[in-house]
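Have a look at the structure below before the remarks.
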Amino acid sequence: MVANGGLGNDIELEELWTIFSQHGSIVDIIMKPRKPFAFVSFASEKEASDAVNGIHGRVLQHPEELSRPNVTFYLSYVEKSTSAQLVVQYTIAKKQSGN
């Protein structure tokens, strides 16, 4: 599972699906309304790792990848968890990174 932060750019669920599906089979995307994060579940740990390695810290290309320019995705790999645990893990990771 991949945690994605910094979604304060009006990113749509469909855009996330398109971007992340390039790195593997998506099982689910958890994206709460009005929250700046999402969680993407992949069919395998390798696919999740590939997504982190391929997307983390990269400015996504406009308009090929996103409808908005200058959007950078910050990702971290997390173990399988319930959605409540994921929010806690994400919050801890953000505090530790200083963001």
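General observations
- Residues of segment 29-76 that turn out to be surrounded by 15 or more Cβ atoms within 10 Å (Cβ to Cβ) and touching a residue at least 60 places away in the same chain (Cβ under 8 Å), as a count: 5
- Scan of segment 7-64 for residues that are within 18 Å of residue 76 (Cβ to Cβ), part of a loop (DSSP other than H, G, I, E, B) and either out of contact with any strand residue (DSSP E or B) (no Cβ under 9 Å at 6 or more places or on another chain) or acidic (Asp, Glu) (or both), ordered by number: 8, 35, 44
- Output for segment 16-44, where each listed residue is β-branched (Val, Ile, Thr) and within 20 Å of residue 59 (Cα to Cα): 18, 19, 40
- Test result for residue 79, surrounded by fewer than 17 Cβ atoms within 10 Å (Cβ to Cβ), closer than 11 Å to residue 2 by Cα and modelled with pLDDT under 90: yes
- A search for C-beta distances below 7 Å between a residue of segment 11-27 that is loosely packed, with under 13 Cβ neighbours inside 10 Å and any residue that is at pLDDT 95 or above, counting only pairs 6+ apart in sequence or on different chains, returns nothing.
The values are calculated or read from the model by the stated rules, or taken from the named source; none is laboratory data. Quantities reported herein were computed from a predicted structural model and do not represent experimental measurements. Here Cβ is always computed from backbone atoms with ideal geometry, including for glycine, and neighbour counts include all displayed protein chains.
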